[in-house]
Structure formats: structure tokens, C-alpha cells
Amino acid sequence: MKALVKTEVKDEFRIENRDIPNISADELLIKVEYCGICGSDLHAASHAKGYEFVPKPIILGHEFSGIVAKVGSEENKSLLNQRVIIMPGVFCDECEQCRNGRENICSNITGIGLRTDGGMAEYAKVKAQQVLLKPDELPSDIAALTEPLSVAIHAVGRIGDEMLGKKVLVQGCGIIGMFTAIAAKNRGADVTISGLQRDWEHRLSLAEKFDINTEIFENVDVRDNRFDYIYECSGSSIAAENAIKRLKKGGMMVVVALYEQKVELPMNVIVRSEINVLSSYGSTRKDFHSAIDVLTTNKEQMRKLFRIYSLNDGHAAFRDAKSQKVLKPILKP
Ligand SMILES: [Zn+2]
Ligand SMILES: [Zn+2]
């Protein structure tokens with residue numbers, strides 16, 4: 001099979017001819033239809049800090065849809081030839097977090113695409129528990145957006161309160177920021193998304209297609225503290241600090257991004273204004289189901305967010321993602 005392999009060398013990819021993976025009894029062989037490139041794939045490719053655990057060489061890819069081409073045991077026979085969406089995480093279902101419905105922070109979580117070979121190839125193997133049936137009404141290319149959207153839905157769900165009419169700011173206009181803004185808007189919030197001036201052309205301006213307000217970070221007055229909730233999806237330590245200043249008293253910040261630099265939060269402001277700081281990481285099975293529903297009902301708009309590349313053009317897809325020329329590149333093996 002053809003595979004896009006990230007080599008031992010930083011930012012280097014090679015198309016290789018690999019054997020189709022052998023599967024064991026609890027696994028399925030997936031013929032990959034579409035596989036998204038995630039921010040974490042970019043970090044892994046450039047050997048960024050915090051991604052030392054990624055083996056090299058590796059076939060990246062954890063956001064994919066495909067067809068079940070082979071099953072490891074009789075028990076999964078009904079899945080054969082079904083179109084599915086992959087959940088990249090493998091949860092133990094036994095630890096305290098799993099038993100409380102918080103499998104996204106499972107103590108024994110493993111997964112494909114960053115620790116083991118993933119979906120940027122013609123075939124990939126997954127555990128049977130990692131697939132969800134794709135509804136017929138949802139096209140397979142859009143289905144590859146399920147995982148990043150589920151992460152945003154999880155973040156929005158972290159605020160249990162009513163969102164209707166609340167003023168929400170999403171900082172950062174990468175795909176997670178964009179999806180978080182869309183998910184908050186779907187819950188009736190009055191949403192603004194912010195990005196840098198250089199993000200406008202290829203990323204920030206797309207928010208207008210979803211009737212989401214936009215603001216440019218460089219032009220913002222930080223004393224403008226009118227927000228009930230702020231989602232920090234930018235990964236910028238300055239933006240994280242600013243977020244606290246831009247919340248109303250009693251407001252809430254949800255941290256969704258990961259940071260390469262140390263972040264200093266103004267603790268006295270947090271205390272005196274009773275600001276809550278929450279975090280959000282990954283997503284649960286429930287979030288995946290919600291994401292499938294949101295994608296199915298908003299298919300046409302979703303098409304504006306991604307661009308498809310062949311596997312052979314994988315290197316160019318990574319380059320365009322890195323230079324932020326495209327919000328979400330999706331590979332088609
Ligand atoms: Zn991802
Ligand atoms: Zn667990």
C-alpha cells in the first residue's frame with residue numbers, strides 16, 4: 001500500500017510502499033477515504049517541544065474516515081464494508097475517569113496516529129471499539145472533520161451553564177478555534193473570534209460565512225472587558241494573559257490550547273473578580289456523536305473550511321498548513 005511516511009528528518013516526508021497491516025482479533029483494517037492534517041501533526045513533523053514521544057519514522061494521521069475492509073473476528077462481521085469514522089483514542093473503560101464518562105482523560109489512554117501508525121496511508125488498522133458508523137447523509141470528506149469538531153464541542157460543553165445570548169470570545173482562529181466558535185454559536189451565544197492581522201485572509205475571514213463576529217488582535221483594546229466566557233484556543237501566552245483582563249467579573253475562561261511557553265496569569269485579578277479558569281482536553285464518545293450531528297446538518301458551510309490533497313501531495317499539504325494558507329488540509333489516499 002501507498003503511505004505518506006514522516007521520516008527521521010525534521011519536516012521530511014516520503015511516499016513509501018508498505019505492507020498492508022496485519023490485524024489481530026480485536027482489530028479492523030480500514031481502507032482510508034480521507035484523513036485530516038491536525039495541528040499536532042504539524043508539531044510532530046517539526047519535532048516540536050512536547051512531541052518527543054512520537055516515534056520516527058511514522059505514518060501520521062488521527063482524523064480519518066474510511067471503509068472497513070477486513071475484520072479480525074466473526075464477532076465484528078457486521079462492520080465489514082461499512083463506512084466509518086475513526087475515534088483516535090483507545091480508552092481502558094475501567095479507570096475512575098472512564099467510569100465517570102470522562103474517557104478523554106482516561107488514565108491508560110493510548111491512540112493511533114502519533115504513537116503508532118495512523119491514517120495517512122491507503123490502509124490503517126484500528127481497534128473495533130474505535131469506529132463509529134458514518135451516516136449516509138454525511139459525505140466521507142466532511143466526516144474527516146469529526147475529531148477536531150468533537151474537541152470543540154467538548155470545550156463548549158465544559159461550561160455547563162446556559163449559553164443563549166452570552167458574550168463569548170474565542171481566541172485563535174485555527175480549526176479548533178473556528179469549530180469552538182461555531183459550536184458556541186450553535187448553542188445561541190453571541191460569538192466573536194479573534195486572530196492576528198496575518199490570519200485574516202485564509203482563516204479569520206472564514207468566520208463571517210458562519211455569521212460569527214471577528215476581531216483583529218492587534219487592534220483590540222484589552223480594557224474592553226465585556227465577555228462572559230473566553231475560549232483560549234490560540235496557544236499564545238500573551239493571549240492567555242489578556243483573556244483574564246477581557247472577562248467580565250464572574251466570567252469564565254476555558255483553556256483549550258497547549259503552550260510552548262510559560263504562561264503567567266494575573267492571579268489577583270482572577271481572585272478579586274471571581275473568574276473561573278477551566279480546561280478542556282480531547283473529547284468523549286458523546287462529543288463524537290454530537291459532532292456527527294453538527295456536520296450532517298451544516299454540510300455545505302463545512303466545505304469552505306478544508307482543501308483536499310492527494311497523498312502524493314502530502315508534503316505540500318503540510319507546507320500549506322504550516323504557512324497557514326489553508327485552514328484544514330485533508331489527504332485523500
Ligand atoms: Zn487532531
Ligand atoms: Zn480509562
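The values are calculated or read from the model by the stated rules, or taken from the named source; none is laboratory data. Keep in mind that this is a model prediction, so the values were computed, not measured. Neighbour counts run over all protein chains shown; Cβ positions are idealised from the backbone, glycine included. Surface areas here come from the heavy atoms of the whole protein model, side chains and all, with no ligands, DNA or RNA. Shrake-Rupley method; radii C 1.70, N 1.55, O 1.52, S 1.80 Å.
Translational D (Stokes-Einstein, µm²/s) of the chain at 20 °C and 1.002 mPa s when Rh comes from the Kirkwood sum over C-alpha pairs? Write down the numbers at each step before the final one.
Working: Rh = 20.4 Å.
Result for D is 105 µm²/s.
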Enumerate the calculated ³J(HN,Hα) couplings along segment 121-126 in order (Karplus 6.51 cos²θ - 1.76 cosθ + 1.60, θ = phi - 60°), each rounded to whole Hz, writing x wherever the residue is Gly or Pro. 7, 5, 9, 8, 9, 9
Hey, what number do you get for the chain at 222 nm if only DSSP H runs of n ≥ 4 count, each worth -39500 (n - 2.57), divided across all residues, to the nearest 500? -6500 deg cm²/dmol
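Which chymotrypsin sites (Phe, Trp or Tyr not before Pro) in segment 232-333 sit in a loop by DSSP (not H, G, I, E or B) and have at most 16 other Cβ atoms within 10 Å of their own Cβ?
Values: sites: Tyr259, Tyr281, Phe288, Phe306, Tyr309, Phe318; in loops: Tyr259, Tyr281.
Listed in order of number, the matching sites are Tyr259, Tyr281.
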Karplus-derived 3J(HN,Hα), 6.51/-1.76/1.60, for each residue of segment 129-146, Hz, glycine and proline x: 6, 8, 10, 10, 5, 8, x, 4, 6, 9, x, 5, 5, 5, 4, 5, 8, 4
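By the gyration tensor of its Cα atoms, with a ≥ b ≥ c the square roots of the eigenvalues, what is the shape of segment 207-333: rounded for a/c under 1.5, prolate for a/b over b/c, or oblate? Working shown, then result.
Details: a/c = 2.07, a/b = 1.78, b/c = 1.16.
Prolate.
Over the chain, with the other protein chains present, what is the accessible area per residue in square angstrom, probe 1.4 angstrom? Let's see the in-between values first.
Details: 15480 Å² over 333 residues.
With the other protein chains kept in place, the chain gives 46 Å² per residue.
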Filtered GluC sites (Glu not before Pro), segment 1-86: DSSP coil and at most 16 other beta carbons within 10 Å: Glu8, Glu12, Glu52
Qualifying GluC sites (Glu not before Pro) for segment 179-267 [loop in DSSP, other Cβ within 10 Å: at most 14]: Glu201, Glu260, Glu264
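Given the Cα-Cα distance of Ala48 and Ser205 and 0.36 nm per residue of separation, how much length would full extension add, in nm?
Answer, rounded to one decimal: 53.7 nm.
Cα gyration tensor of segment 26-114, axes a ≥ b ≥ c as square roots of the eigenvalues: rounded (a/c below 1.5), prolate (a/b > b/c) or oblate?
oblate
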Over the chain, what relative contact order in percent results from Cα pairs under 8 Å that are six or more residues apart? 18 percent
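Counting only protein heavy atoms, what percent of the accessible surface of segment 217-333 is carbon or sulfur at a 1.4 Å probe?
Working: 3060 of 6260 Å².
That fraction is 49 percent.
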Mean-position separation - Cα centroids, segment 1-17 and segment 123-154, in angstrom: 24 Å
Lysine pairs in segment 10-142 with alpha-carbon atoms under 25 Å apart, 8 or more places apart or on different chains: how many are there? 17
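How big is the shadow of the Cα convex hull of segment 173-274, averaged over all directions, in nm²?
Details: hull surface 25.5 nm².
Directional mean of the projected Cα hull area for segment 173-274 stands at 6.4 nm².
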Taking placed amide H atoms and a strict 5 Å upper bound, the residues 5 or more places from Gly111 or on another chain that come that close are Val90
In segment 235-333, lysine pairs with alpha-carbon atoms under 26 angstrom apart (chain gap of 8 or more, or interchain): 16
Can you compute 3J(HN,Hα) from phi for each residue in segment 283-294, using the Karplus curve 6.51 cos²θ - 1.76 cosθ + 1.60 with θ = phi - 60°, rounded to whole Hz and x for Gly and Pro? 7, 9, 4, 4, 5, 4, 5, 5, 4, 4, 5, 5
Quick one: which residues, 5+ away or cross-chain, put their amide H under 5 Å from the amide H of Gly235? H built at 1.01 Å from N. Ala257
